[in-house]
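The values are calculated or read from the model by the stated rules, or taken from the named source; none is laboratory data. Keep in mind the model is a prediction, meaning the values are calculated, not measured. Cβ placement follows ideal geometry from the backbone for every residue including glycine, while neighbour counts extend to all protein chains displayed.
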Amino acid sequence: MDNSPDAAFHPQVDNRVARRNVVVLATAQAIAGAGAPINFSISSLAAHMLLGPDKSWATLPLSAFVVGTAIGTMPAALLQRRIGRRFGLICGMLIGAMGALMEAVAVTVFSFPILCLGVFMMGFTAAFVQQFRFAAADTASPSFRPKAMSYVLIGGVMAAIIGPQTVIHTRTAFPIEFVGAYVGAAGLMVLAAIVLAFLHAPAVTAVHTHAGRPLRKIAAQPRFIVAVACAVTAYALMNLMMTAAPLAMVGCGFPTDAAVLGIQWHVIAMFAPSFFTGSLILRFGAERVVAAGLVLLILCGFIAFQGIDLINFWGALVVLGVGWNFGFLGATALVASTYEPVEKEKVQGLNDLLVFATVALASFSSGQILSIGGWSAVALTVIPIAVVALLGLALLLLRRGRQEASR
């Protein structure tokens, strides 16, 4: 049991258990997390194949993915509260396996609606995957908590390789393109469920059901409002560009594998900084790390606007990934500082609901913006939104400085 001062105020703190859980959750992140890059690299292309003359709906399945994540956030949190982290997360992985098989069926029978439904179910599972980072914090001391969450996201580096490589090596394994990739995704979800069986999560207790402050009071805190706004901005802008990028690259004449590899490098960039993001948060503070992420998102918009060469696409996607990591993980740490342990499920659920509801809108808008204004319009959309979020963060820091000066 951890004997640090942090642990004295948290009866469930045990950093030894937390470190073991980090290994389990990072492994599960590497496996189950591959479902997102699989879908984001090929589902819009599969939809493009299934659609008729009007291709503007090609990003709708990816919007369904994000809507599934948004809708799944509250059920994921509530299910884990009722039956525990381990069994709740396992159930989520099995839902994903069924969704991936439905995607394979959709492409086989040439059904766009079934494809959207299958992608929706994969998105629903992604809501459970999003809970991995919070699960890592369950038994961690406050000093270890940012590192625990960032270490789990390191599994995303492997997911960034596993997902696209699954697509590249299985995409044509069946007579109909993309079926093999979706079958591979189903297998990954089942494997993730097996890994999660080794998770040691705190027992479910009745005190979690009604304890803590009202959600309205927690959500009214300026720190919570800015934290969620920054998380929304980082995730929505990342999704806006990532959703449009494969279609834009293929539309500019690049092969499918180039688009898939672009997504691979993007997702690697999303998670590779997690090796040190937690340490940066502890050293410089979550607000400054979020600010760095927002600046990188602005830079990404400028890079993407410069041209449609492959280097522009890949360069923008890499910067986009790092910006997302700093912005979203820093904002997650900010959110985690606004609630007590007994309040975590409802606050985490609200945070993810707000984030992914907005991301769903960004995903749907992505196809429309690309269809009407092209890749440059997508790039220019990113810059002003990131600037507004950066100004909100600056106001929060200024407010905190004044409060500290008045003490």
Within the stretch 370-383, restricting to residues that are over 22 Å from the mean Cα position of the chain (by Cα) and surrounded by fewer than 20 Cβ atoms within 10 Å (Cβ to Cβ), the one that is nearest to HIS48 (Cα to Cα) is SER371
In the stretch 242-297, residues that are of a type in the set (S, T, N, Q), under 18 Å from the mean Cα position of the chain (by Cα) and over 30 Å from LEU45 (Cβ atoms) total 1
By residue number, the members of the stretch 304-315 that are within 23 Å of the chain's Cα centre (by Cα) and in contact (Cβ under 8 Å) with a residue 60 or more places away in the chain are ALA304, PHE313
Just checking, does the stretch 102-113 include any residue being closer than 27 Å to VAL318 by Cβ and either touching a residue at least 40 places away in the same chain (Cβ under 8 Å) or within 19 Å of the chain's Cα centre (by Cα) (or both)?
no
Just to be sure before I move on: is GLY52 more than 15 Å from the chain's Cα centre (by Cα), at pLDDT 85 or above and not aromatic (Phe, Trp, Tyr) in the structure I sent? no
Filtering the stretch 349-407 for residues that are modelled with pLDDT under 80 and over 16 Å from CYS230 (Cα atoms) leaves a count of 9
Of those in the stretch 163-206 that are in contact (Cβ under 8 Å) with a residue 60 or more places away in the chain and of a type in the set (S, T, N, Q), the residue farthest from GLY92 (Cα to Cα) is GLN165
Scanning the stretch 114-148 residue by residue, the ones that are under 16 Å from VAL183 (Cα atoms) and more than 22 Å from the chain's Cα centre (by Cα) total 1
Filter the stretch 291-322 for residues that are crowded, with 23+ Cβ neighbours inside 10 Å and touching a Cys at 6+ places or on another chain (Cβ under 6 Å); the one that is nearest to GLY212 (Cα to Cα) is LEU320
In the stretch 57-71, anything among the aliphatic types (A, V, I, L, M) and touching a Cys at 6+ places or on another chain (Cβ under 9 Å) is listed as LEU60, ALA64
Exactly one of GLY163, GLY155 is under 20 Å from the mean Cα position of the chain (by Cα) and more than 27 Å from ILE83 (Cβ to Cβ), and that one is GLY163
Per the list (1) within 20 Å of PHE132 (Cβ to Cβ); (2) modelled with pLDDT under 95, residue check on MET93 breaks on (2)
